[in-house]
Structure formats: structure tokens, C-alpha cells
1. So for the range 1-129: antiparallel DSSP bridges make up what percent, rounded to the nearest 5?
2. By how many degrees, between 0 and 90 and to the nearest 10, does the Cα long axis of helix 290-299 differ from the longest principal axis of the chain?
3. Using a probe of 1.4 angstrom, how much of the accessible area of the range 1-100 is carbon and sulfur, in percent?
4. Tell me the mean residue ellipticity at 222 nm calculated for the chain from its helices only (DSSP H runs of n ≥ 4, each -39500 (n - 2.57), averaged over every residue, nearest 500).
5. Quick check for me: using +1 on Lys/Arg Cβ and -1 on Asp/Glu Cβ, what's the dipole size of the chain about its Cα centre, in debye to the nearest 20?
6. Give me the percent relative contact order of the chain, please, defined on Cα pairs under 8 angstrom at least 6 residues apart.
7. With every protein chain present, what is the per residue accessible area of the chain (1.4 Å probe, Å²)?
8. What percent does the relative contact order of the range 80-192 come to when contacts are Cα pairs within less than 8 Å and at least six residues apart?
Amino acid sequence: MKIHTIHTEPSEKKGYRGQLLWFTDNPFLHPEEECFRYESDGMLIVEEAGLIVDAGEYNEMMRRYPETSVVTDHRGSLIMPGFIDTHLHYVQSPMIGSYGDTLLHWLNQYTFPTEARFYDKEYADTAAKMALRQMLSHGTTTANVFSTTFATSVDAFFEESERFGTRMITGKVLQDRNLPDNLRDRSTEESIEISRRLMNKWHGKGRQLYAVIPRFAPTSTPLQLKLAGELYQENTGRGVYMHTHLGECESEIEWVAELFPEADNYTDVYRRFGLLGPRSILAHCCIMKPEEWRMLYDYGSSAAHCPSSNLFLGDGQFRFWECTDATHPCQFGIGTDVGGGTSFSILRQIGEAYKVGMLGSHPLSPLKSFYLATLGGAKALRLDNCIGTFRPGHEADFTVINLHADEFTIYRLSHARTLQETLSVIQTLGFDNFISHTYVSGRNVYTRDSDRQFRYADEAR
Ligand code: GUN
Ligand code: ZN
């Protein structure tokens, strides 16, 4: 992935004025107060091609960039880098909120029948459109996404992402055993060939990125895991990902131990097949042995913490203090895990992450949570060279949190004395009306108070 340089010739610049908050370093490794920047009257400067020029105090920015042609006034709002969702299933949008079961039964009962419908391109197109709209209206500008078995499901999602110009990651889901005929890969070799074809079609096309996605160890034969590992290892040098599930609940872990008796533990199954590396993203990681964290650390792999899903499905609980233990500090981001998760909102997820931490007597501070929602997510996805913060040359994906969204918000926030208190209130209330605008590569693709809330990149300004 190349790092963009700033244009040296004069080009039109736009300013976005408001409170600015962005992270510059990892507060799990360094003192929190050294890891972020906050400007109470700030301005973000963006150039025509959609890259960040600068961010800082308003008067200083006006002095430095007198050629700034338009200033959009978001005073009364908090402007942050777009949120990053490190794990979700857009194909589960039609069945989110299907209640009342354990993971393995829930998959059979609700998930598999829904995903089986995605061979139909129209069905897939509608779900992709809905999912992208949900993400943008909740301030999410990048997500690491499960499609499903069918190439149609991958094409539908990338096509819609291209229209908005969002940086998104997805790929064909590899699953050749232990699931219904109408969702299962018919041929293991062919499943890899379809993946390769989709990878060559989409990876690096505009902002789109490809992932090799074995659903989880129980739904792939050893041969499929082996071939998936080879495909990943051959292509990860050019930025291709591996995305799967790991250690979500006890019954799943017991099943994996029966299916792969030769492996030392669940994580070791993936290691043996070459599926671990710096672009491997493992969703959940709730029930992990110390040696499994050590293995993820040694391979530079990242976890996706999906708190609302873990609560909804009654799974294990992610222990962030074990994930970030100083002897093997792993990167992790936040995932909605829609449709196990209960909302596309990253704000709501970090509200839930706080509660999951409290169940283990480890409060997660609001600054750490907002770091995870932005730069932390970018680091987990190895995209911190282009998104997740307001660094010059980074892609101008940002969202606007309206601190005056309604009378109760105004009332409650008038009692917040510090930035930390304000952030705690935002994540705890998690109201949908907090997000007023979302910008992708400097283009305003979502406006809450508008007759036309969504605009594709080619018609957005
Ligand atoms: N493990 C394997 N597939 C899934 C899925 O679709 N959702 C969740 N939450 N866990 C899984
Ligand atoms: Zn999932």
C-alpha cells in the first residue's frame, strides 16, 4: 500500500471547522494523554483529491492556508476520523435480531438459510446497499466484511462500496463442509479458483481490498484450509487479508478439538495451515489460552472484539487486558459482527465494550475506546498508513458527531466537565442521531438532515 504524498502545486482546499479529536499513538502502550490531539475550535484542511492537508487550531489553519476556498461550519460538533468496523457480515443484514439461541444453533437456524439466498445478485445488491447505508449513517467509513459462498455476494458489496468510494475489505467465504448443500462449496479446488479470480478482479481496484475468508475451522476441510493458507501467503505481500472466527464460545472450541485432534489448540489449527500473518484478522477471541495470544503476537495477527454479538449470543467475553498483556501485546479493533451483533453503530459497540470490561472488573477508558474505533482499528487492519487519523497525506474519511442533536443531549453534555466525560456520555447513550455527516475521501456522502441523505461519490461534494 503506498503512502500518499501531498500535492505540491496549489490546489483547491476545503476547511471543516469544529471540535477535532484524533489519535496519534496507542494508549494501551503509552500514557493516554500523549496519544491524542483535541482542538476545541479546530479545522481540518482537505485537498481536492480527497487527502488530508492538515488539522489544527482554526486561526492557525486559516493563517497557514489562506487559499482555503470553502469552510464548512461544524461548530457544536466533534469531527473525528471515520469509524472502522473490523468484523461484520453484510449478508446477515436481513436476519439481524433473530433471537434466542446459542452460536451453532443460531447459525443453522437463521444464518445459513439467509446466506443461501445470496446466489441471487438482486438480493445481494439490496443487502449491500442497505449495509453500506447503515455503516455510513453510523459514521463507519471502512469495514472488514464477510460476504458468503457466492461470487455474486462479493461483487455486490464491492460494487456498492466503489460507488461511495469507501475503503472496504471483503472476499468470498470458503466453506466446504458441515453446512447445508445450498450454501456449501461444491468443489474445494474450485472454491479457491473463484477466490483467486475475485481477488484479481477487486484487490487494489480503487480503494477495495480482498480477504481470503475461511468461515471458521469447522466449516472447512483440511484441504480447503491448506489451499486457503497458500493463497493468502502468496498474496499477502500485496496487501491481501485472511479473515476468520476464533475462540468465540465453548461448544465451538470443543468441536474444533474433535475435528483437529493433532492441533495444540484452536489458534494452532490456523497456524498449521499457514493462515496466520500480519494481515490475519480473527474475530472474537473470547476464550483464549495465554499461548494462543502469544501465537497471535508472534505472527503479528489482530483480533476483532465484538461485544454486542458476544452478549447477544451468550458467548465468552473478550478480555482486552489479556489481549494487550505487556508480554504479548496484540492489536485489536472493534467489530459489530452484524447479524450476531445488534447494531451497525461502532459508538454502541464501544458502549458495550465498556460493560463487557466491567464484567471482568476492567473498565475500558473512553479515550482507549475511541482510539479503538479509529486509529486502533486502522492499526489492526494494517491500514494506519492511509486511514484512522488526521495525518497529512491520509485519506480524508471523517464523521461529524453532533453534540447538540436534541435537548437531552445538550442538557446531559452541559454537565460533562472534561473531554473524557463527554466521550463516555456519547458512547454510553450511543444515540443514532449523534452522527450528522459522514465524508469519504473528502466527499459528503451522508447528511442526516437532508431530503436526500446518501450521495454516491460522483455526485457528492
Ligand atoms: N462463527 C462462524 N460463523 C459465524 C457467524 O456467522 N457469526 C458468528 N458470530 N460466529 C460465527
Ligand atoms: Zn462473525
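1. For the range 1-129, the DSSP antiparallel bridge percentage is about 70.
2. The helix 290-299 is inclined about 70 degrees to the chain.
3. On the way: 2230 of 4530 Å².
About 49 percent, which is the carbon plus sulfur part of the accessible surface.
4. Working: 17 runs with 154 residues, N = 461.
Taking each H run of at least 4 residues, the total per residue is -9500 deg cm²/dmol.
5. Working: 45 positive and 60 negative charges, 142 e Å.
The calculation lands at about 680 debye.
6. On the way: 1045 pairs, mean separation 88.9, N = 461.
19 percent.
7. Working: 17380 Å² over 461 residues.
Per residue, the chain has 38 Å² of solvent-accessible surface.
8. Values: 162 pairs, mean separation 33.0, N = 113.
So the answer I get is 29 percent.
The values are calculated or read from the model by the stated rules, or taken from the named source; none is laboratory data. Nothing here was measured: the structure is a model prediction, and the numbers come from that model. With ideal geometry, Cβ positions are generated from the backbone for all residues, glycine too; neighbour counts draw on all protein chains shown. Keep in mind that these areas ignore ligands, DNA and RNA; they rest on the heavy atoms of the full protein, side chains included. Shrake-Rupley method; radii C 1.70, N 1.55, O 1.52, S 1.80 Å.
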